[in-house]
Amino acid sequence: MAAYTYGGLLGVFLLAFLPTRRDDLGLLWGVPLSMLMVFALSWHQAVPQWIVVVAAAILLIQAFRRLRQQPEKILYIALAVLLVLILSLAVVGTTPEGQPVHITLAWPWHFPLATAMTFCLGYLVGNCRPAKR
């Protein structure tokens, strides 16, 4: 359960304390997508996959609604949504019984991947703040 929140929390911490000078706009998509990515890597049954697809669609629709004037930021969010969908839906093989095999990673990898997702979207989608004097 900690993997869902620690990656996003560490990404927020890095954005706040590194000299990136970004506001919190990108975190509106970075944190939910990082949590959704951990969910997509953990659960590969039909219902969780539909949850991932619906949640990703909602986040993408919100990006189009709120960032209408900034298409490059919509592109960054769309790429992150695509990554989450690939992690959730991609089939990399089949078992001897014919069941699909999905992309899975050991749980310690969930933290750095979620941190990277939060940090990258927070940096790329966030607006540049002026330097403090």
Among (1) surrounded by 11 or more Cβ atoms within 10 Å (Cβ to Cβ); (2) among the β-branched types (Val, Ile, Thr); (3) within 16 Å of the chain's Cα centre (by Cα), VAL101 falls short only on (3)
Filtering region 40-69 for residues that are in contact (Cβ under 8 Å) with a residue 40 or more places away in the chain, among the hydrophobic types (A, V, I, L, M, F, W, C) and part of a helix (DSSP H, G or I) leaves a count of 2
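Evaluate region 91-104: report whether one residue or more is of a type outside the set (Gly, Ala, Ser), closer than 19 Å to TYR4 by Cα, part of a helix (DSSP H, G or I) and at pLDDT below 90.
no
Quick check on ALA106: is it without any contact (Cβ under 8 Å) to a residue 12 or more places away in the chain and over 22 Å from LEU15 (Cα atoms)?
yes
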Counted residues in region 28-48 being buried (at least 17 other Cβ atoms within 10 Å of the Cβ) and either among the charged types (D, E, K, R) or modelled with pLDDT of 90 or more (or both) come to 14
Note to self: Quick check on region 92-99. Is at least one of its residues under 18 Å from ALA116 (Cα atoms) and not small (Gly, Ala, Ser)?
What the structure shows: no
The number of residues in region 1-20 that are part of a loop (DSSP other than H, G, I, E, B) and either buried (at least 19 other Cβ atoms within 10 Å of the Cβ) or in contact (Cβ under 8 Å) with a residue 12 or more places away in the chain (or both) is 1
**Message:** For region 118-127, check the following and say yes or no: at least one residue is more than 19 Å from LEU36 (Cβ to Cβ), of a type in the set (S, T, N, Q) and either assigned to a strand (DSSP E or B) or in contact with a Gly (Cβ under 6 Å, 6 or more places away or on another chain) (or both).
**Reply:** no
Restricting region 61-90 to residues that are touching a strand residue (DSSP E or B) at 6+ places or on another chain (Cβ under 9 Å) and not hydroxyl-bearing (Ser, Thr, Tyr), the one surrounded by the most Cβ atoms within 10 Å (Cβ to Cβ) turns out to be LEU87
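The values are calculated or read from the model by the stated rules, or taken from the named source; none is laboratory data. What you see is a predicted model, and the numbers here were worked out from it, not measured in a lab. Cβ sites come from the backbone with ideal geometry, for glycine too, and all protein chains shown count toward neighbours.
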